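**Q** What follows is a structure written as structure tokens; I'll ask about it next.
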Amino acid sequence: MVISHHIAQLNIARAKAPLDQPLLADFVAQLDAVNALAEANPGFVWRLKSDSGNATDIRAYDDPLMIVNMSVWESVEALFDFAYKTSHTKVMNRRKEWFESLAGPHMVLWWVPAGTVPTVDEAKRRLDHLAAHGPTPTAFTFKARFAAPEIHVGAAPRGCPADGRPHGVAPTG
């Protein structure tokens, strides 16, 4: 049996002002609609949210102006289609009005076993990995994608005999 995987994503931003200020009013006004669009989109699995219904009040960083968006999708294609082929694009195109440019990457993708909900700390580690090493199978981007890992359960790893020992390794005990 092969374990299936979903794609997780983290997107961070530093607001130019607190979310309750007029500069961010149009962004905040669109949150519910964009979140509903995501949840209704084919391939959507899960998104990070607090009791408020969104993630803008989740403090992943010490800086109160940093906000996070994290979600899980059935495939990279499903996430890409939502991000770039729906009305979400109109909001994303206005990002510079509301958010500062960051020195490093602001978005990261990684594979999670289906049914797994990633933590914010894990997501931050993946973003840090991307910043330090560039795209790898551990942390990547839409432009530099990696295939989901193949994990076989109940079968010997490739290149190993049926008992799972590497070639040339004698059984112990």
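**Q** Just need a number here: residues in the range 16-46 that are of a type in the set (Gly, Ala, Ser), farther than 14 Å from ILE67 by Cβ and not in a helix (DSSP H, G or I). Steps first, answer last, please.
**A** Taking the range 16-46 first, the residues of a type in the set (Gly, Ala, Ser) are 17, 25, 29, 33, 36, 38, 40, 43.
Applying the additional criterion that residues be farther than 14 Å from ILE67 by Cβ yields 25, 29, 33, 36, 38, 40, 43.
Among the residues that remain, those that are also not in a helix (DSSP H, G or I) are: 43.
Going through the range 16-46 one residue at a time, the tally reaches 1.
**Q** Ok, one more. Being without any contact (Cβ under 8 Å) to a residue 40 or more places away in the chain and among the hydroxyl-bearing types (Ser, Thr, Tyr) is true for just one of THR119, THR86. Which residue is that? Steps first, please.
**A** On the way: THR86 fails: without any contact (Cβ under 8 Å) to a residue 40 or more places away in the chain.
Unique residue meeting the criteria: THR119.
**Q** I need every pair where a residue in the range 94-107 that is without any contact (Cβ under 8 Å) to a residue 40 or more places away in the chain has its Cβ under 6 Å from the Cβ of a residue that is of a type in the set (A, V, I, L, M), sequence separation at least 6 or different chains.
**A** GLY104/ALA131; PRO105/LEU130; PRO105/ALA131
**Q** Within the range 119-143, count every residue that is small (Gly, Ala, Ser) and under 19 Å from SER75 (Cα atoms).
**A** Start the filter on the range 119-143 by keeping residues that are small (Gly, Ala, Ser), which leaves 123, 131-132, 134, 139.
Among the residues that remain, those that are also under 19 Å from SER75 (Cα atoms) are: 123, 139.
Count: 2.
**Q** Find the residue count for the range 17-31, including only residues that are surrounded by fewer than 17 Cβ atoms within 10 Å (Cβ to Cβ) and either under 13 Å from ARG94 (Cα atoms) or hydrophobic (A, V, I, L, M, F, W, C) (or both). Step through it out loud before you land on a result.
**A** Going residue by residue through the range 17-31, those that are surrounded by fewer than 17 Cβ atoms within 10 Å (Cβ to Cβ) are 17-18, 20-23, 25-26, 28-30.
Those left that are additionally either under 13 Å from ARG94 (Cα atoms) or hydrophobic (A, V, I, L, M, F, W, C) (or both): 17, 23, 25-26, 28-30.
Residues that pass the stated criteria total 7.
Quick grid of which residues meet (1) crowded, with 17+ Cβ neighbours inside 10 Å; (2) under 30 Å from ILE151 (Cα atoms); (3) small (Gly, Ala, Ser):
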{"residue": "ASN41", "(1), (2), (3)": "yes, yes, no"}
{"residue": "ASN54", "(1), (2), (3)": "yes, no, no"}
{"residue": "ASP63", "(1), (2), (3)": "no, no, no"}
{"residue": "ASN69", "(1), (2), (3)": "yes, yes, no"}
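**Q** Then there's this: Can you name the condition, by its number, that LYS49 falls short on among (1) surrounded by 13 or more Cβ atoms within 10 Å (Cβ to Cβ); (2) assigned to a helix (DSSP H, G or I); (3) free of Cβ contacts under 8 Å to residues at least 60 places away in the same chain?
**A** Only one criterion is unmet by LYS49, namely (2).
**Q** Mind checking whether some residue in the range 140-149 is at pLDDT 95 or above and touching a Ser or Thr at 6+ places or on another chain (Cβ under 7 Å)?
**A** No, the range 140-149 contains no residue that is at pLDDT 95 or above and touching a Ser or Thr at 6+ places or on another chain (Cβ under 7 Å).
**Q** Continuing with the same structure: If a residue has to be touching a helix residue (DSSP H, G or I) at 6+ places or on another chain (Cβ under 7 Å) and surrounded by fewer than 15 Cβ atoms within 10 Å (Cβ to Cβ) to count, how many in the range 104-130 make the cut?
**A** So the answer is 1.
**Q** Right, something else. Please list, ordered by residue number, the helices (runs of 4 or more DSSP H) wholly in the range 69-139 having 1 or more residues that are under 25 Å from ARG59 (Cβ atoms) and among the aromatic types (Phe, Trp, Tyr). Working first, answer last.
**A** Details: elements: 76-85, 88-92, 95-98, 120-133.
Passing ranges, in order: 95-98.
The values are calculated or read from the model by the stated rules, or taken from the named source; none is laboratory data. Small disclaimer: the values here were computed from a predicted structure and weren't measured. So basically every Cβ, Gly included, is an ideal-geometry build from the backbone, and we count neighbours across all protein chains shown.
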